[in-house]
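Notes for the one structure printed next.
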Amino acid sequence: MSADHRDQPGHDVAWWDAEHRTRGVHDEVDPSVRAACLPLAPRTGAGAAVDLACGTGRHARWLALRGWSATGVDSSPGGLEVAAEAARARGVEGRCRWVAADARTWEPPAEVGLVVVAFVALPQLVERAAGWLAPGGRAVVVGHALANAERGVGGPRDPRLLHDVTALRDGARAAGLRVRLAAEVERPVRWDDGERRVQVDAVLVADRP
């Protein structure tokens, strides 16, 4: 996700445009996102999914391959260009829609069955996603946990860009969602020096009753 305002922590849109165009596309689905979404099947009337702050759209494309009508939202036009090209190459362009918008203020035009937010911290994130879900819909939030700054590798160190599991859980409950999972998840990652290290993720899975 790219920041559009000067008071937003993290990098701006121009930085993300350059980063996405340089790195190009990758299709590796986050394991926590995969585990939370695999049990779901698109249902009539609730087969729409949102990949919010999607970057180059890896999760939107994966959801499209699984039959969802996926909307990827990001403020980086460069990231969305890469995402659209990859969707065409993988034959899912008809099931993907790309929207250049500020993920902090964008709203879907109708209720959706699934919201995925991976590795971006946004204000009122869970509460907003909860308001978009159709009955039976699911919100999946995965990102660097606060604890990762102390005992994990990778990711930002600014606490404003990290997730507090308790806050995610409480926000979901306050928004009327049924929390399936709210936890810190340690997972091994291969670091730049070739050694395997640990990354600490915060994971929230919550459903609209």
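Miscellaneous remarks
- DSSP finds beta bridges in the chain, and of those with both partners inside it, around 45 percent are antiparallel.
- Among 193, 51, 27, the residue with the largest mean-square fluctuation in a Gaussian network model of the chain, with springs joining Cα atoms closer than 10 Å, is 193.
- Cα-Cα P(r), the stretch 37-145, percent of pairs per 10 Å interval: 16, 51, 31, 2
- Taking the Cα atoms of the stretch 115-209, the ratio Rg/Rh between the radius of gyration and the Kirkwood radius comes to 1.02.
- Placing a pseudo-label 7 Å from each Cα along the Cα-to-Cβ vector at residue 153 and residue 183 gives an inter-label distance of 2.4 nm.
- Computed per residue of the chain from DSSP H runs no shorter than four, each worth -39500 (n - 2.57), the mean residue ellipticity at 222 nm is -8000 deg cm²/dmol.
- Counted over the stretch 13-207 with a bin width of 5 Å, the fraction of Cα pairs per bin, in whole percents, is 1, 8, 16, 20, 22, 18, 11, 4, 1, 0.
- For the pair residue 90 and residue 164, a Förster radius of 45 Å applied to the C-beta separation gives a FRET efficiency near 0.80, rounded to the nearest 0.05.
- Around the amide H of residue 71, modelled in the peptide plane, lie the amide H atoms of 49, 50, 51, 97, all under 5 Å away and 5 or more residues distant in sequence or on another chain.
We did not get these values from a lab; they are worked out from the coordinates using the rules stated. Fair warning: this is a prediction, and the values are worked out from it, not measured in the lab. Using ideal geometry, Cβ is built from the backbone for each residue, glycine included, and neighbour counts are taken over all protein chains shown.
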